[in-house]
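Asks: My questions all concern the structure below.
The values are calculated or read from the model by the stated rules, or taken from the named source; none is laboratory data. Predicted model only: the values in this text are computed from it and were never measured. Cβ sites come from the backbone with ideal geometry, for glycine too, and all protein chains shown count toward neighbours. The accessibility values were calculated without ligands, DNA or RNA, using every heavy atom of the protein model including side chains. Shrake-Rupley method; radii C 1.70, N 1.55, O 1.52, S 1.80 Å.
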Amino acid sequence: MGGVGFAVSGRRGDDPTQYPGKLTWYVVMTLMAAAMGGLIFGYDIGISGGVTSMAPFLEKFFPSVYHNQMDDTSTNQYCKFDSQILTLFTSSLYLAALVASFFASTMTKKFGRRKSMMFGGLIFLVGAIINAAAVHISMLIIGRVLLGIGVGFANQSVPLYLSEMSPYNYRGTFNVCFQLMITIGILVANLFNYFFAKIEGGWGWRLSLGLAGVPAIIIIISSFFLSDTPNSLVDRGREEEAKTLLKRIRGVENIDAEFNDILAARNDARLVQNPWQNIFKSRCYRPQLVMSILIPFFQQLTGINVIMFYAPVLFKTIGFGSDASLMSAVITGVINVLATCVSIGFADRWGRRTLFLEGGVQMLIFQIAVAALIGAKFGVTGDVTELPKWFAIVVVICICFYVAGFAWSWGPLGWLYPSEIFSLEIRSAGQSVNVAVNMFFTFLVAQVFLGMLCTMKFGLFIFFAFFVVLMTLFCYFFMPETKNIPIEEMTRVWRDHWFWKRFMNDPNDPVNGAIKMNKIEQV
């Protein structure tokens, strides 16, 4: 297929040989279709908080929570919604996603990225149908578990697919599209919640939960038309098919340099018989392992899911009415989408580190501002009967700036960076570690947030701000830049880094030594 016309070039280590190619319409359409996998994750994040703030839903499935809220005549705004049962409904999905991500690793490696995406969409669709038809709490839980399995498979396979399929100097742009789809899913869910909550008869929550099947159907249909990645095809021994595909997605016949690098990476991968064992034991994988653990850890400890899961509940807690709280969640959702577009435009231009650092500083400033505003108005008692309109507006503005800082930095780059740093032999296992850590801390934050808000009051925002400081310092000192580095040449960023090079150049590491010897033999 003809190319769009943008040149794609690259280096193989220090070899000046270029990767010729164009940004073809085929690869653009393929990557945009694959990025749709983010819709299912985003829609669920957005839908959960809205549904759990709908009185008919609570009355049917969580009557004790509903009656406690109705009977609560106190003015303490911090503790109105503290319920472990309710938060378990929201956060149980992420435990299922955590477990599923490890199975997804094996499936993604053995059967390819495309089939893993398709399977995730199918399971998510079944979960959405069960939730929409739920008549008992057990149906809700079963549905949530199936949704979690779908999310685990999609989050494991889609970022890998985008990183491997993209031309290296557009890798950031296309991978960030996964996060863009997450933000669009959140926004659409918030809009649905706003309108469905107004449906007479109180059955709007069924529509909110059931329409999760729409993004699942989108990813299923998309998967039928997608090709697998050249890297995955080579890894599974289908070299001629991979070479033909690489010519198609690069729009040129001369793809030998890139193809040979993929072959070399496959040969290195065959030296690693047990990727799960080696990723944890071998020192040469220590930098990537640390990143795959700390990046999702810090991403969740920014406090963003406090906003995204419980935006309607949070705004209601700080004095907004029901309609106003849902509309405020819609506003933050719009900001989330628009700010993610900034990352699409500049991740490959400014680099990952620049956006990580700027986003961290911006989030810190506005987290402290929100803490100061809520602390000044509610104090430590949380007792307030009426909030002035100006206060509500200022809080929403500060939260919007905070969301924007996350949306063009730690949101998209938290998925992009781990998906591009692993060498082929541990790539699928490494991505599973990333997803598992992400899902575990997503579950943890979702489960304990309302209790922490009741206990820590406005200090909760200071708690998250502390971790924003830590992660920004971590980025400054320990995160190498990965823009414009071909994915199969990524090990060189660790070998050149002032701190990580001690692990990469360890002659006593048997895996490192075997790979080095293999490279010498190939030369």
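Asks: Could you check region 165-176 and list, in sequence order, the residues that are crowded, with 24+ Cβ neighbours inside 10 Å and either more than 11 Å from the chain's Cα centre (by Cα) or free of Cβ contacts under 8 Å to residues at least 24 places away in the same chain (or both)?
Replies: Passing the criteria: M165, S166, P167, Y168, R171, G172, F174.
Asks: Restricting to region 468-484, name every residue that is in a helix (DSSP H, G or I) and either of a type in the set (S, T, Y) or touching a Pro at 6+ places or on another chain (Cβ under 6 Å) (or both).
Replies: The answer is T472, Y476.
Asks: While we're here: Can you tell me which condition S423 does not meet? The list is (1) over 12 Å from the mean Cα position of the chain (by Cα); (2) surrounded by 24 or more Cβ atoms within 10 Å (Cβ to Cβ); (3) over 21 Å from V337 (Cβ atoms), and all the others hold.
Replies: In the conditions (1) over 12 Å from the mean Cα position of the chain (by Cα); (2) surrounded by 24 or more Cβ atoms within 10 Å (Cβ to Cβ); (3) over 21 Å from V337 (Cβ atoms), S423 misses (2) alone.
Asks: Please go through region 32-56 and give me each residue that is surrounded by fewer than 24 Cβ atoms within 10 Å (Cβ to Cβ) and either in a helix (DSSP H, G or I) or touching a strand residue (DSSP E or B) at 6+ places or on another chain (Cβ under 7 Å) (or both), ordered by number.
Replies: M32, A33, A55, P56
Asks: (1) at pLDDT below 90; (2) within 30 Å of R238 (Cα to Cα); (3) crowded, with 23+ Cβ neighbours inside 10 Å: which one isn't true of N193, the others all being true?
Replies: (2)
Asks: Would you pick out the residues in region 125-164 that are open to solvent by less than 30 Å² (accessible area, probe 1.4 Å) and outside any helix (DSSP H, G or I)?
Replies: A134
Asks: Identify, by number, the condition in (1) farther than 13 Å from I129 by Cα; (2) touching a residue at least 60 places away in the same chain (Cβ under 8 Å); (3) surrounded by fewer than 18 Cβ atoms within 10 Å (Cβ to Cβ) that L207 doesn't meet.
Replies: The one condition L207 does not meet is (1).
Asks: Another question, if that's okay. Please find, within region 367-382, the residue that is farthest from the chain's Cα centre (by Cα) out of those that are surrounded by 22 or more Cβ atoms within 10 Å (Cβ to Cβ) and either within 14 Å of Y402 (Cα to Cα) or modelled with pLDDT of 95 or more (or both).
Replies: V370
Asks: From the list L162, L180, exactly one residue is over 12 Å from the mean Cα position of the chain (by Cα), within 25 Å of A404 (Cβ to Cβ) and modelled with pLDDT of 85 or more. Which is it?
Replies: L162
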